[in-house]
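The values are calculated or read from the model by the stated rules, or taken from the named source; none is laboratory data. Here the structure is a predicted model, which is why all the values come from computation and not from measurement. Here Cβ is always computed from backbone atoms with ideal geometry, including for glycine, and neighbour counts include all displayed protein chains.
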Amino acid sequence: MNLIAATEVDSEHPLAKAIMEHAKKRRVDEGNLTWPEAKSFVSITGHGVKAIVCCKEIIVGNENLRLDQNFAVPVGTSFVLSIFGSVPVRGITE
C-alpha cells in the first residue's frame, strides 16, 4: 500500500484521492506519516499513473494501461481482472 500511495500522492484523480485517504488512515495507525519519495511521476490520462518508488517502477491504473505497458500478471490476478476489467468501478469514501 505504501508504494501505491507514494505513486498516487501527486495524482488529482478521485480514486487516487480515495487511495490516499485510506493510506493516511493506515499510516496514522502505524505512527508514520511519511511516504517514500516518488520520482519520474507520469500521469497517463484515462489510464493511470506510474512512478519510480524505492527503485521500483510502480504502475497504478486500468487494464488498458497494463496492456499498453505490456506486463503480465499472475494467473489468479488475471482472473480477477477478467471479471472486473471492463466494468467501471467507482471509489466511495466517507
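Here's the yes/no breakdown for (1) at pLDDT below 85; (2) of a type in the set (A, V, I, L, M, F, W, C); (3) more than 12 Å from the chain's Cα centre (by Cα):
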| site | (1), (2), (3) |
| --- | --- |
| 4 | yes, yes, no |
| 9 | yes, yes, no |
| 16 | yes, yes, no |
| 25 | yes, no, yes |
| 32 | yes, no, yes |
| 36 | no, no, yes |
| 39 | no, no, yes |
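Restricting attention to the stretch 61-80 and to residues that are closer than 13 Å to residue 46 by Cβ and either among the charged types (D, E, K, R) or modelled with pLDDT under 65 (or both), the residue that is nearest to the chain's Cα centre (by Cα) turns out to be 63.
Just the residues that are touching a strand residue (DSSP E or B) at 6+ places or on another chain (Cβ under 8 Å), part of a strand (DSSP E or B) and not hydrophobic (A, V, I, L, M, F, W, C), please, taken from the stretch 27-64.
Result: 39, 40, 43, 48, 50, 57, 61.
For beta carbons closer than 7 Å, sequence separation of 6+ or different chains, a first residue in the stretch 7-27 that is hydrophobic (A, V, I, L, M, F, W, C) and a second that is part of a loop (DSSP other than H, G, I, E, B), the qualifying pairs are 9/35; 15/91; 18/91; 18/93; 20/9; 23/1.
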